1. Only one of (1) more than 14 Å from the chain's Cα centre (by Cα); (2) farther than 19 Å from LYS118 by Cα is not met by ASP19, so which one is it?
2. In the stretch 64-106, what residues are in a strand (DSSP E or B), open to solvent by 10 Å² or more (accessible area, probe 1.4 Å) and in contact with a Lys or Arg (Cβ under 9 Å, 6 or more places away or on another chain)?
3. If you scan the stretch 21-63, which residues turn out to be within 21 Å of VAL104 (Cβ to Cβ) and in a strand (DSSP E or B)?
4. ARG42 fails exactly one of the following numbered conditions: (1) within 26 Å of GLU122 (Cα to Cα); (2) open to solvent by 60 Å² or more (accessible area, probe 1.4 Å); (3) under 16 Å from the mean Cα position of the chain (by Cα). What is the number of that condition?
5. Using the structure shown, decide if ALA124 is touching a Lys or Arg at 6+ places or on another chain (Cβ under 8 Å), open to solvent by less than 40 Å² (accessible area, probe 1.4 Å), within 16 Å of VAL13 (Cα to Cα) and of a type in the set (Gly, Ala, Ser).
6. Please find, among ILE65, ILE114, the residue that is of a type in the set (A, V, I, L, M, F, W, C) and touching a residue at least 40 places away in the same chain (Cβ under 8 Å).
7. Run SER58 past the list (1) open to solvent by less than 40 Å² (accessible area, probe 1.4 Å); (2) farther than 21 Å from THR22 by Cα; (3) of a type in the set (Ser, Thr, Tyr) and report the number of the one that doesn't hold.
Amino acid sequence: HPEYSDHVTLRVVEGPQADYFTSSGLDTFYSEAYTVTQESDRMGCRLDGPAITSCHGSDIISDGIVFGSIQITSAGRPIILMADRQTTGGYAKIGTVCTADLPVIAQCQPGAIIHFKKISVEEAQKLLQTAQGLNVRPESFLSEKNKYMEDSGRIFYLLNQRRFFNMD
C-alpha cells in the first residue's frame, strides 16, 4: 500500500485576492504550519493554525472558485477547496494549490501538517507537464482504489480520467 506523509508542503500560485491580506498575513501563510482539522471533507480541507491577517476583512462578493482554491475565512483560517466544492465562494482567495499537488492534499488525514510554498504560474505549469509526462511516482500518492491493470498486465493508476503508469 502507498504510504502518505503527515507533513506536506503544497505549492501555491498567488490568488486573485492576495492583495486583501497584509504583508504580515502573507508571511504567516507562507512560513507557518497548518493542521488539517476533523471538519475536513470532500468539499473543503479546513486548516487550523496562526490567523492570516487581512487589510479590511476577507469577505468578498461571491465569485468563481476552482479545485485547490485557498479561501481565508473571516477568522483568518485557510480552507482548501476540494473536489465537491461549491462553484462560488464569498471569502478572499489567497492562492490556489498547483494541480500537480492536488492528489497530495486529497490524501491528507486530520492531524496532517501543511506548509505552503509560493510558486509562479510558469512553475506550476512545468510541474503539471512533468506529472503528465509520467516523471513522477503516482503510486506514492494514489490509493489502491485507483489502481488498475491493463490486459497486458501493466499496472496503472487512474486520476481525473488520466492514466499514470507505475515507474518500476
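The values are calculated or read from the model by the stated rules, or taken from the named source; none is laboratory data. Please read all numbers here as calculations on a predicted model, not as lab measurements. Note that we place each Cβ from the backbone using ideal geometry, even for glycine, and neighbour counts take in every protein chain shown. Each accessible area value is taken on the protein alone, full model and side chains, heavy atoms only, with ligands, DNA and RNA left out. Shrake-Rupley method; radii C 1.70, N 1.55, O 1.52, S 1.80 Å.
1. (2)
2. Hit for the stretch 64-106 is ILE79, nothing else.
3. Listed by number, the residues that qualify are TYR34, THR35, VAL36, GLY44, CYS45, ARG46, LEU47, ASP48.
4. Among (1) within 26 Å of GLU122 (Cα to Cα); (2) open to solvent by 60 Å² or more (accessible area, probe 1.4 Å); (3) under 16 Å from the mean Cα position of the chain (by Cα), the lone unmet condition for ARG42 is (1).
5. Numbers: touching a Lys or Arg at 6+ places or on another chain (Cβ under 8 Å): yes; open to solvent by less than 40 Å² (accessible area, probe 1.4 Å): yes; within 16 Å of VAL13 (Cα to Cα): yes; of a type in the set (Gly, Ala, Ser): yes.
In short, yes.
6. Values: ILE65 fails: touching a residue at least 40 places away in the same chain (Cβ under 8 Å).
From the options ILE65, ILE114, the qualifying one is ILE114.
7. (2)
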